[in-house]
1. Relative contact order of the chain, please, whole-number percent, based on alpha carbon pairs below 8 angstrom and at least 6 residues apart.
2. Within the range 1-19, list the residues whose amide N lies under 18 Å from a label point set 7 Å along Cα→Cβ of residue 107.
3. How much length is gained on full extension from residue 55 to residue 161, taking 0.36 nm per residue of separation minus their Cα-Cα distance?
4. Hey, what did the range 50-168 get for relative contact order, percent, Cα under 8 Å, at least 6 apart?
5. Between residue 226 and residue 65, what is the spin-label point distance in nm, taking each point 7 Å from the Cα along the Cα→C-beta axis?
6. Against the longest principal axis of the chain, how steep is helix 72-84, in degrees 0 to 90 to the nearest 10, with axes from Cα atoms?
7. Tell me, what is the per residue accessible area of the chain in Å², probe radius 1.4 Å?
8. Hey, could you grab the Kirkwood Rh for the range 1-141? Inverse mean 1/r over distinct alpha carbon pairs, Å, one decimal.
Amino acid sequence: MKVAVISFSGNVGKTTIARHLLAPRIPGAQLIAVESINAEDGEAADALRGRQFGQLQEHLQTIDDAIVDIGASNVEDLLALMRRYEGSHEDFDCFVVPTVAAQKPQKDTVTTLVHLAQLGIPPHRLRLVFNMLDDDIKFDEVFDRLLDFLARHPIAVANPACHIGANEVFQLAGGTDLVSLASDTTDYRALIARAADSAERYVIARKLAIRRLAAGVVPRLDACFAALQLGATAPAIAPMARSL
């Protein structure tokens, strides 16, 4: 399974989705950040160059599973190179497009989907993830314009079950796997009781708080990943609810 996480919009959680939603649930998948692919000769990496894209394509042929996190500053270049390298979009089984409730990112989501569809990518390979949502959000009201567009132009799969709530644990965890954090069996309360001073207690208490947050969010990530149905050619979509 090879998945690209892509959006013209920044700050929609592409790296969070790649690192914390997809990577732990696709066994053996290599996480590749396109922004980290630098030119061999040390040239500035502001743009994704043809040679770099060629290297990425070649590398994808040598591995079975990958999640490619495409930085917003590189999306336009990558799409242009995909048009140049005929059929290169076939290297990916699925394109995951994150979106959030703000109107500007939703417009960028539509733009992203349209560009991908114009490459010839069929709807079942374009999946939306609705990110950073409050629990009480009225889904079809907040995303009314995006959902209306997709009702008129069904170029992607929009399943309301593919959602992730806002949670500070994604920042607090850094690069640590949330599943590992949630399954940590350390008795932090006992450690706090034996701590030498308040500074040490604070450090341990923070680890306990992060584990609790991780334990709360992992089941939701599991549910979102299951709803994505990445291996399905025709995903089943649950009826849209008024709220999540």
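1. Relative contact order comes out at 22 percent.
2. Correct set: 7-12.
3. So the extension gain works out to 34.6 nm.
4. 24
5. My value for the distance between the label points is 1.8 nm.
6. That works out to roughly 30 degrees.
7. Here the per-residue accessible area is 49 Å².
8. 15.6
The values are calculated or read from the model by the stated rules, or taken from the named source; none is laboratory data. These figures come from a predicted structure and were not determined experimentally. Every residue, glycine as well, gets a Cβ built from its backbone with ideal geometry; the counts of neighbours run over all protein chains shown. Side chains included, ligands, DNA and RNA excluded: accessible areas come from the protein's heavy atoms. Shrake-Rupley method; radii C 1.70, N 1.55, O 1.52, S 1.80 Å.
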